[in-house]
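Below is one structure, written out as structure tokens; the observations come after it.
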Amino acid sequence: MAKFLRIVAWTLVILGALVGVLRFTAIRWWQLPLNDPYLESSVAPTLHGGDWVVLWRATAPSYGSLVLCPEPKTGRPVIGRILGEQGDHLKIDGSVLTVNGTPARSDSNCDKFQANDPATGIETEQGCSLEDVTGRTHARGNVPSEVLRPATELDVPSGQVALISDNRLFPWDTREFGMVDRPTCAETVVFRLVSKDGFFDVPNRLTLIH
């Protein structure tokens, strides 16, 4: 029994040291704010306000990554997906993203979800699709067909990126605050630990973020 306890103790020490090294060099954990309705709505259905997430910062985010960046004008945190890099031409028409003339694939649907209109606070049920921009899929909140909006076209300048929200109905992204300097987007959202409701919120714990 004593030998077993020593093994457990050393295992915990090693794991703690490993986490400490990773925390110092490669990762940090961060809680999405609960007092920013625009951010909360824009990250649905991938994330929710109050989620605790792991951010990877050892390597630069790649195209298609969900990233945490400072908003260019105010410095407040924003989360969006890098879907335009320097020289790219983007068109966002309703739910559909087109990059350099090629529409992002959307082959199947995911479960409907609820999101609040950040301007009114009214809860809205939205459709969800799986969008493929890099060979891996992520959930996308759809714009209903009855919501008519003019298409937006963007050209990405040198050294910058375009951030596009996963929620296309309630976005808070480059269309609102402009392009973002690429070096300021240094942290990729890679994992959700738990939601604001804690470990017993089973559907929203220990989730790999695509």
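Residue-by-condition table, conditions (1) under 18 Å from the mean Cα position of the chain (by Cα); (2) under 17 Å from A139 (Cα atoms); (3) in a strand (DSSP E or B); (4) among the aromatic types (F, W, Y):
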site: L39; (1), (2), (3), (4): yes, yes, no, no
site: G64; (1), (2), (3), (4): yes, yes, no, no
site: C69; (1), (2), (3), (4): yes, no, yes, no
site: V78; (1), (2), (3), (4): yes, no, yes, no
site: I82; (1), (2), (3), (4): yes, yes, yes, no
site: G87; (1), (2), (3), (4): no, no, no, no
site: G121; (1), (2), (3), (4): no, no, no, no
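Within the range 145-166, the set of residues being out of contact with any His (no Cβ under 8 Å at 6 or more places or on another chain), over 13 Å from V78 (Cα atoms) and either of a type outside the set (V, I, T) or in a strand (DSSP E or B) (or both) comprises S145, E146, L148, R149, P150, A151, T152, P157, S158, G159, Q160, V161.
Taken over the range 178-206, the criterion of being over 12 Å from G80 (Cα atoms) and either assigned to a helix (DSSP H, G or I) or among the hydroxyl-bearing types (S, T, Y) (or both) is satisfied by R182, P183, T184, S195, V202, P203, N204. Considering the conditions (1) acidic (D, E); (2) in contact with a Phe, Trp or Tyr (Cβ under 8 Å, 6 or more places away or on another chain); (3) crowded, with 21+ Cβ neighbours inside 10 Å, E125 is excluded by exactly one of them, (3).
The number of residues in the range 120-165 being at positive phi and at pLDDT 95 or above comes to 1. If you check L148, L130, L163, which single one turns out to be touching a residue at least 24 places away in the same chain (Cβ under 8 Å) and either surrounded by fewer than 17 Cβ atoms within 10 Å (Cβ to Cβ) or more than 24 Å from N35 (Cα to Cα) (or both)? Step by step, each of L148, L130, L163 is checked, and only L130 is touching a residue at least 24 places away in the same chain (Cβ under 8 Å) and either surrounded by fewer than 17 Cβ atoms within 10 Å (Cβ to Cβ) or more than 24 Å from N35 (Cα to Cα) (or both).
In summary, N204 fulfils each of the numbered conditions (1) surrounded by fewer than 21 Cβ atoms within 10 Å (Cβ to Cβ); (2) closer than 18 Å to D51 by Cα; (3) out of contact with any Asp or Glu (no Cβ under 9 Å at 6 or more places or on another chain) with the single exception of condition (3). Scanning the range 89-119 for residues that are outside any strand (DSSP E or B), in contact (Cβ under 8 Å) with a residue 60 or more places away in the chain and of a type in the set (G, A, S) yields G94, S95. Quick check on the range 133-144. Is at least one of its residues surrounded by fewer than 17 Cβ atoms within 10 Å (Cβ to Cβ), basic (K, R) and not in a strand (DSSP E or B)? Yes, some residue in the range 133-144 is surrounded by fewer than 17 Cβ atoms within 10 Å (Cβ to Cβ), basic (K, R) and not in a strand (DSSP E or B).
The values are calculated or read from the model by the stated rules, or taken from the named source; none is laboratory data. From a predicted model like this one, the values you see are computed outputs, not experimental measurements. In this analysis, Cβ positions are derived from the backbone assuming ideal geometry, glycine residues included, and neighbour counts consider all displayed protein chains.
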